[in-house]
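Remarks on the structure that follows.
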Amino acid sequence: MTEQPVGILALQGDFALHAAALVRQGEAYLYVRRPGELAACRGLVIPGGESTTMTRLLDIVGLRQPILDFAAAGKPILGTCAGLIMLATRVDEDERRHGVKPLGLLDVLVRRNGYGRQVDSFVDEVAVAGRTETMQGVFIRAPRILEVGPGVEVVATWRGETVGVRRGNVTGLAFHPEAGEGGAWHL
């Protein structure tokens, strides 16, 4: 019997880069576009993309509650960039006007495009908790973590600023590890 694949939410965003990174690590993956596909997965990646569009599509295809149930069952979830926004409990006031409705799985306050617009995107080294070596972080219109709630662990920093958080089985990263030289972040 083969190991269950890692699901990649493939409604919108950079899901193909996550698939390529998982393949490089020898991991099987399954694109998740419908609730029934999620049940076949041992973990889930919510990629970067556009959080307003992701909000709408999650609700249109009926994946919001299945993802919440998946998290409640203790299965690992990783959100990168817009995926972090989707995992957050709170978005700043301006973002709520854009129709972003996060899943509320990580007690953080985030701001979309918190480091600036597309022209302000950058690549730099990120410090990862528990590791002596850094990894490359690709920040493309990246969200900024403004507040971290109790029970949320900081797992990555950039220049002393929080760019990665975890609470139990749910991890959110402001950057794109799948686009950098370090590859995917392990679930």
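The residue list VAL91, VAL23, VAL110 contains one member that is farther than 21 Å from GLU161 by Cβ and among the β-branched types (Val, Ile, Thr), which is VAL23.
Tell me, please, whether a residue that is over 20 Å from VAL91 (Cβ atoms) and of a type in the set (Asp, Glu) can be found in the stretch 134-148. Scanning the stretch 134-148, I find no residue that is over 20 Å from VAL91 (Cβ atoms) and of a type in the set (Asp, Glu), so the answer is no. Any residue in the stretch 4-20 that is surrounded by 15 or more Cβ atoms within 10 Å (Cβ to Cβ), of a type in the set (S, T, N, Q) and touching a Phe, Trp or Tyr at 6+ places or on another chain (Cβ under 8 Å)? No, the conditions are met nowhere in the stretch 4-20.
Filtering the stretch 138-152 to residues that are farther than 25 Å from ASP14 by Cβ and touching a Gly at 6+ places or on another chain (Cβ under 9 Å) leaves only GLY151. So for the stretch 173-186 (the condition being in contact with a Lys or Arg (Cβ under 8 Å, 6 or more places away or on another chain) and part of a strand (DSSP E or B)), does at least one residue qualify? Taking every residue of the stretch 173-186 in turn, none turns out to be in contact with a Lys or Arg (Cβ under 8 Å, 6 or more places away or on another chain) and part of a strand (DSSP E or B). Against the conditions (1) surrounded by 15 or more Cβ atoms within 10 Å (Cβ to Cβ); (2) hydrophobic (A, V, I, L, M, F, W, C); (3) at negative phi, CYS81 satisfies every one except (3).
Quick grid of which residues meet (1) surrounded by fewer than 16 Cβ atoms within 10 Å (Cβ to Cβ); (2) in contact with a helix residue (DSSP H, G or I) (Cβ under 9 Å, 6 or more places away or on another chain); (3) β-branched (Val, Ile, Thr):
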site: ILE85; (1), (2), (3): no, yes, yes
site: GLY99; (1), (2), (3): yes, yes, no
site: PRO102; (1), (2), (3): no, yes, no
site: ARG117; (1), (2), (3): yes, no, no
site: VAL126; (1), (2), (3): no, yes, yes
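Scanning the stretch 157-173 for residues that are modelled with pLDDT of 95 or more and of a type in the set (Gly, Ala, Ser) turns up GLY164, GLY168, GLY172.
From the list VAL32, VAL61, VAL45, the one residue that fits, being of a type outside the set (S, T, N, Q), modelled with pLDDT of 90 or more and touching a Lys or Arg at 6+ places or on another chain (Cβ under 7 Å), is VAL61.
With the condition kept exactly as written, say whether any residue in the stretch 70-88 is more than 20 Å from PRO177 (Cα to Cα) and at pLDDT below 85. Taking every residue of the stretch 70-88 in turn, none turns out to be more than 20 Å from PRO177 (Cα to Cα) and at pLDDT below 85.
Of the residues that make up the stretch 118-137, is at least one closer than 28 Å to GLN65 by Cβ and of a type in the set (Gly, Ala, Ser)? No, the stretch 118-137 contains no residue that is closer than 28 Å to GLN65 by Cβ and of a type in the set (Gly, Ala, Ser).
The sole residue among ARG42, ARG117, ARG111 that is out of contact with any strand residue (DSSP E or B) (no Cβ under 8 Å at 6 or more places or on another chain) and of a type in the set (D, E, K, R) is ARG117. Residue check: is GLU147 assigned to a strand (DSSP E or B), more than 24 Å from ARG56 (Cα to Cα) and not aromatic (Phe, Trp, Tyr)? It is true that GLU147 is assigned to a strand (DSSP E or B), more than 24 Å from ARG56 (Cα to Cα) and not aromatic (Phe, Trp, Tyr). Of all residues in the stretch 103-130, those that are closer than 17 Å to GLY168 by Cα have Cβ atoms under 6 Å from Cβ atoms of residues that are surrounded by fewer than 18 Cβ atoms within 10 Å (Cβ to Cβ) and not hydrophobic (A, V, I, L, M, F, W, C), 6 or more apart or on another chain, in GLY104/THR89; ASP107/THR89; ASP107/GLY149.
The values are calculated or read from the model by the stated rules, or taken from the named source; none is laboratory data. Just so it is clear, the structure is predicted and the values come from calculations on it, not from any experiment. Cβ sites come from the backbone with ideal geometry, for glycine too, and all protein chains shown count toward neighbours.
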